[in-house]
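Before any comments, here is the structure.
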Amino acid sequence: MSQILESIRLALSSIWANKLRSLLTLLGNIVAVSSIITVVALLTGVNGAVTDAIVSDLGADSFIVQRTPFTQNEDEFERARNNPNVTLDDADAIRRFATTVSAVMAQGQQRTTVGYRAEELESVQVQGVTEQYLDFTTFDAERGRMVSPVEIRRKRQVALIGWQVADRLFGTADPIDKLIRVAGVNFRVVGVSAKKGAAFGNSLDEFVVIPLGAYQKLFGSRQSLALMVRPRDATLVQAAKDETRVALRVERRLKPAEPDDFGIIASDSVLGIFQQATAGIAVVLVGIVGLSLVVGGIVIMNIMLMVVSERTREIGLRKALGAKRRDIMSQVLTESITLSITGGVVGVALGSLFATVIGTVTPVPASVETWSIGLGVAITALVGLFFGYYPARRAAMLDPIEALRRE
């Protein structure tokens, strides 16, 4: 143990004594590890933000039926653009035929201006909902109350508003029972939703929820709706999706050979598409890390060969005094691993700093993971071991007599 500690001390002293050379030696490891830490932090943060946004929008066990599915090429888009609108009849068909479904809510969405007295907000998302919206946890009221089923059936001009809409229009004043303008029409505020935060710089709290009937009076009844569907149990999501597909195909009288003329969007499918997009980033990361580690390892090997050459007489003296080959190899390998890990530690610090700065000054979220720090340090230790083996073996094989003769 004392020998290993002495080897570590010698390696650190050498690094400190030759700062510029050590920096250039460790540059490959620093780039590799800082890349790992930064990219993993960004991917983890983005994945978490996307997952939270999807769960907030769809619900953990719900899915959405809409006019078009996700399309990945122009041909799919051209086929889907002629799909018929999703209507309330489709919602009724799902309720009738899908036995594993507990609730179906129809909603329309449109962005418009929302105002109160002299204040006016642009491009606020207005959602028209049916009374089944109360069965979905994505809707809530922190102050006041929810829009009631009776109000929805009677198409009353009442509204549940998002936290940021309330904050920007009313400030510290109580918005309950105040009249706001939605697309120029007065609606009475009955509730304010709890604060949800933001995703990628976009607020999740700028919305207004109104009865679907009132929504269609504002924006027309010919636009396609979206149907949010919740199964009776979280384990029945796939069965509910299958029954929903069958119910809609029957309602639309589609022949067995005809493709679906609607889209079913679930949180897992959205996350799957997102993960495909981020897979390319991971491939680039592997390439950068691999190239940087090879370059860094070769530089470390060359430096250790130079160190062995500079310390030939010392190694010869140690062998003459009884040091064995494994002792010499252990010393050189320890110095090589220490040198490499030092680069890894610097890379961890820089990567964490980069990720923190990016997460602070941009809307892109970042989360530094403990396992990525451990992975970065472990990889640099392996690089030091692998590329330090040849210099260590060469040092161990030195003939003590020849080594002592060298000037």
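Since every read-out is calculated from the coordinates, none of them should be taken as a lab result. Not measured: the values here are computed from a predicted model. For neighbour counting, all protein chains shown are included, and Cβ atoms are generated from backbone atoms with ideal geometry for every residue, glycine included.
Quick notes on this structure:
- For region 101-180, applying the loop criterion from DSSP together with a ceiling of 16 other beta carbons within 10 Å to the GluC sites (Glu not before Pro) yields 142.
- A simple spin-label model places the labels of residue 233 and residue 99 1.4 nm from each other, with each point 7 Å out along Cα-to-Cβ.
- Amide H contacts of residue 178 (H built 1.01 Å from N, under 5 Å, at least 5 apart or other chain): 189
- Residue order, fewest to most beta carbons within 10 Å, for 371, 163: 371, 163
- Cα centroid of region 348-366 to Cα centroid of region 197-268, whole Å: 37 Å
- Between residue 246 and residue 148, the modelled label-to-label distance comes to 3.9 nm, taking each label 7 Å out from Cα in the direction of the beta carbon.
- At q = 0.08 Å⁻¹ the log10 of I(q)/I(0) for region 84-261 amounts to -0.28, computed by Debye summation with a single uniform scatterer per C-alpha, solvent ignored.
- Residue 140-residue 216 pseudo-label distance in nm [points 7 Å out on the Cα-to-Cβ vector]: 3.1 nm
- DSSP-defined antiparallel bridges as percent of all bridges, region 84-261, nearest 5: 75 percent
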